[in-house]
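Notes follow the structure.
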Amino acid sequence: MSSLTLSYASLLTVSFLSPPPLPPSSSPPLLISFSSGCADLGVCLHVSSSGLDLPMKVVDMFGCCLPVCAVHFNCLHELVKHDVNGLIFKDSHELAEQLQSLLLDFPPAQEGKLASFRTNLRLNRGPNWDDYWDQNVLPLIQQH
């Protein structure tokens, strides 16, 4: 990305974090704490060599209801629905435009695109851990 000027945004700092590789067992808690507590938008630069695999980073971000901007490849549309739960870009210029449009009114308004993406992610996600606990384990505990 060349340069991005956000003249109307009230940002103190914009950081692009790339944490060091960690063992798989420690990745989800770190991602959840980074994503749900500190991020308004995720950026995925994963490009599939086969064109058939989906980026688990996006799956993890969606699990936290974190909208994404993701680089395009053949089957990405199965996961990222452009203008519904995130945006898909083809080059750095397009990513810069997307970041500018999404962050121009930062902090995001209740009815902005980021809020809309987050709402769509909440409405379309399946049962979560708490739901499974309430359906399967809690009744067993309440019986005793």
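The values are calculated or read from the model by the stated rules, or taken from the named source; none is laboratory data. Because the structure is a prediction, the values reported are computed rather than measured. Heads up, the Cβs are rebuilt from the backbone with ideal geometry, glycines too, and the neighbour counts pull from every protein chain shown. Surface accessibility is based on the protein's heavy atoms, side chains included, excluding ligands, DNA and RNA. Shrake-Rupley method; radii C 1.70, N 1.55, O 1.52, S 1.80 Å.
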Can you tell me which residues in region 56-108 are among the polar types (S, T, N, Q) and under 14 Å from Arg125 (Cα atoms)? Asn85
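Keeping to region 22-39, report how many residues are at pLDDT 55 or above and crowded, with 16+ Cβ neighbours inside 10 Å.
So the answer is 1.
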With the condition being β-branched (Val, Ile, Thr) and open to solvent by 40 Å² or more (accessible area, probe 1.4 Å), I'd like the helices (runs of 4 or more DSSP H) fully within region 45-144 carrying at least 2 qualifying residues. none
